[in-house]
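The values are calculated or read from the model by the stated rules, or taken from the named source; none is laboratory data. All values reported here derive from a predicted model rather than from experimental measurement. Don't worry about glycine lacking a Cβ; one is built from the backbone with ideal geometry, like all the others, and counts go over all protein chains shown. We work out accessible area using only protein heavy atoms, side chains counted, and drop any ligands, DNA or RNA first. Shrake-Rupley method; radii C 1.70, N 1.55, O 1.52, S 1.80 Å.
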Amino acid sequence: MTTWPRDSHHAAAYVTPAGADWLASASACPRSVHALWAQRPTMPVTLPCGTVFDVVSMDALFGRRVVSRLWTDGPGTGPVATGRGRVQLFAAPGAARRLSALLGWEEWAASAPPLLCYGWGDAVTVPPPYPEETPAAATGRWLVAPDVRRPWLPGPEALLWACVRAARAASQLLGRTTVTSTPAVFPG
């Protein structure tokens, strides 16, 4: 298992060759993905979820709070992308389905922005290995780029744990009653 640095200053800003191998491995034709990126390294691609990774997409503000919780108080994150007002957390395969079920049981779910969970049978557009130089590139960018062939990916319990804490913090900032339920499983 690869461990991630606790300091976001050490997180990869660009996809490394090993990270590109990992992303491309999600495709039925990894060599085609590599060929596309060799010709156009600033081109985003659409990749299937469910075998190599799942993706949990959330509102940008809430997503940044979740990422902050994962880095500050939790196990860290795997790759994280942002674009079009959303944060995409790459998660362990199967996490999307399980997280959806766990969210249904939590009483705080109504106080959090909706999460979009992409798993088996879904596909997501991932940012390019090297972002365009324009400040407002519409293709998105990596907050934590894949930099190893087998990155650590959070499971549903770690994501639920971070979402509960982010929802609590948001409720406190808005002066609402805090959520008092605790998640059934803590990341370990």
With all protein chains in place and a 1.4 Å probe, Trp142 shows an accessible area in Å² (nearest 10) of 10 Å²
Under a 1.4 Å probe, counting only protein heavy atoms, Val67 has an accessible area in Å², nearest 10, of 20 Å²
Between Val124 and residues 5 or more places away or on another chain, the pairs with built amide H atoms under 5 Å apart involve Leu47, Cys49
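How would Asp73, Asp147 rank on accessible area, largest to smallest, probe 1.4 Å? Can you show the working numbers first?
Numbers: Asp73 80, Asp147 50 Å².
Result of the area sort, largest leading: Asp73, Asp147.
Assuming a ≥ b ≥ c are the square roots of the Cα gyration tensor eigenvalues, decide whether segment 52-97 counts as rounded (a/c under 1.5), prolate (otherwise, with a/b larger than b/c) or oblate. Write out the running numbers ahead of the final one.
Numbers: a/c = 1.98, a/b = 1.10, b/c = 1.80.
Oblate, because a/c is 1.5 or more while a/b does not exceed b/c.
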When every protein chain stays in place and a 1.4 Å probe is rolled, Thr16, Thr51 sorted by accessible area with the largest first are Thr51, Thr16
Of segment 142-161, those with amide N under 13 Å from the point 7 Å along the Cα→Cβ vector of Thr16 are 145-152
Magnitude of the Cβ-charge dipole (Lys and Arg +1, Asp and Glu -1) of segment 21-136 about the Cα centre, nearest 20 debye, reported as 100 debye
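Mind running the shape call on segment 16-75? Use the C-alpha gyration tensor, a ≥ b ≥ c as the square roots of the eigenvalues: rounded below 1.5 for a/c, prolate if a/b tops b/c, oblate otherwise.
prolate
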Reported to the nearest 10 Å², Leu143 has, with a 1.4 Å probe, an accessible area equal to 50 Å²
Listed by chain and number, the residues whose amide H is under 5 Å from that of Ser25, excluding neighbours fewer than 5 places away on the same chain and using placed H, are none
